[in-house]
Amino acid sequence: MEFFELAHRQRAYRFLEPDPVPEELIEQILDVATKAPSAQNTQPWEFIVVQDPAVRGRLADHTRHLWESFARDYSRPDVDTYQWSHTDEWASGAFARAPVVIVVCGDTRAMDAALLGSSIFPAVQNILLAALALGLGSLMSTLPIVSAREAREILDLPEHLLPMATVPIGRPSRRLGPPRRIPFADKTHRDRHGVPWREG
Ligand SMILES: Cc1cc2nc3c(=O)[nH]c(=O)nc-3n(C[C@H](O)[C@H](O)[C@H](O)COP(=O)(O)O)c2cc1C
């Protein structure tokens with residue numbers, strides 16, 4: 001798939017087949033993740049690739065607990081009912097079936113934790129697009145690491161690594177259409193805020 005087709009098809013794939021993803025594909029994905037830009041080329045990312053069912057199970061149990069204990073009530077079904085009900089289904093069970101979960105961590109020795117996101121999320125976006133290019137589905141998710149302490153404990157992370165995203169990857173078990181997004185012109189101003197990109 002060429003780039004523009006990929007970008008027009010990238011979606012949150014929460015429902016994945018449990019069969020393993022070949023390691024060559026995981027390596028191809030990680031290889032392009034590390035081609036992403038970062039401030040001063042610090043490359044502050046480290047990846048934990050979780051395939052062990054015991055570790056995946058602990059992450060999934062922890063995520064279910066976070067969802068049930070606060071996130072289900074905290075998140076707003078009125079914003080996007082479809083996304084909310086799918087997240088409910090995902091956190092309550094589907095996440096546990098993902099064959100691979102890449103946990104993307106940021107190295108707080110490279111820069112202040114408050115600045116890390118801007119040097120980590122471009123790599124995450126490369127992961128999402130690379131997975132789709134290889135015929136796999138993936139999901140950017142932060143619920144599993146919203147409490148860094150438990151995630152650190154499950155993954156044996158040293159203190160200087162901050163878990164910043166979890167990306168389950170696998171063969172999609174449901175087909176998804178193109179993303180529903182507000183057109184760019186409704187979000188874009190010409191030269192100054194308030195001057196629409198397109199007149200009329
Ligand atoms: C920062 C961030 C955190 C997210 N965390 C979760 C999550 O914990 N669980 C989940 O099911 N989806 C999560 N998502 C996925 C979003 O809900 C999804 O990308 C968005 O609703 C668009 O979905 P679509 O591509 O299917 O249209 C997250 C996305 C982002 C960018």
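You can think of it this way: the chain between Ala54 and Gln83 has 7.7 nm of extra reach, that is 0.36 nm per residue less the Cα-Cα gap. The modelled label-to-label distance for the pair Arg190/Val32, using points 7 Å beyond Cα in the direction of Cβ, is 3.5 nm.
The HN-Hα couplings worked out from phi for segment 179-186 by the Karplus form 6.51 cos²θ - 1.76 cosθ + 1.60 (θ = phi - 60°) are x, 8, 9, 5, x, 4, 5, 6 Hz, whole numbers, x standing for Gly and Pro. Spacing of the modelled spin labels on Gln40 and Arg175, each 7 Å from Cα toward Cβ, amounts to 5.0 nm.
Contact order, relative form, for the chain: 34 percent (alpha carbon pairs under 8 Å, 6 or more residues apart, mean separation divided by residue count).
Relative to 2.2 N^0.38 Å, what does the C-alpha radius of gyration of segment 1-116 come to as a ratio? Two decimals please. Numbers along the way, then the final one.
Numbers: Rg = 16.6 Å, N = 116, 2.2 N^0.38 = 13.4 Å.
Scaled against compact globular proteins, the figure is 1.24.
Couplings 3J(HN,Hα) for segment 148-163, derived from phi with the Karplus relation 6.51 cos²θ - 1.76 cosθ + 1.60 (θ = phi - 60°), are 4, 4, 5, 4, 4, 5, 5, 9, 6, 6, x, 4, 7, 9, 9, x Hz, where x marks Gly and Pro. Each Cα pair of segment 130-200 feeds into the Kirkwood radius, which the Stokes-Einstein equation turns, at 20 °C and 1.002 mPa s, into a diffusion coefficient of 132 µm²/s.
Take the convex hull of the alpha carbons in the chain; its mean projected area over all directions comes to 13.3 nm². In vacuum, with every alpha carbon of segment 63-112 counted as one equal point scatterer, what does the Debye formula give for log10 I(q)/I(0) at q = 0.15, 0.16, 0.25 Å⁻¹? Two decimals, please. Here log10 of I(q) over I(0) equals -0.56, -0.61, -0.92.
In the chain, the DSSP-assigned H stretches of four residues or longer account for a calculated mean residue ellipticity at 222 nm of -11500 deg cm²/dmol, using -39500 (n - 2.57) per stretch and the full residue count as denominator. Computed 3J(HN,Hα) for segment 187-195, one whole-Hz value per residue from the Karplus formula 6.51 cos²θ - 1.76 cosθ + 1.60 where θ = phi - 60°, is 10, 10, 10, 9, 6, 9, 4, x, 8, glycine and proline marked x. The charge dipole of segment 3-187, taken about its Cα centre with unit charges on the Cβ atoms of Lys, Arg (+1), Asp and Glu (-1) only, comes to about 600 debye. Taking Gly93, Gly106, Gly137 in turn, the Gaussian network model of the chain (Cα-Cα springs below 10 Å) assigns the largest fluctuation to Gly93.
Rule-based calculations on the coordinates, nothing more; no lab input. Not measured: the values here are computed from a predicted model. Glycine also receives a Cβ, built like all others from the backbone with ideal geometry; neighbour counts cover every protein chain displayed.
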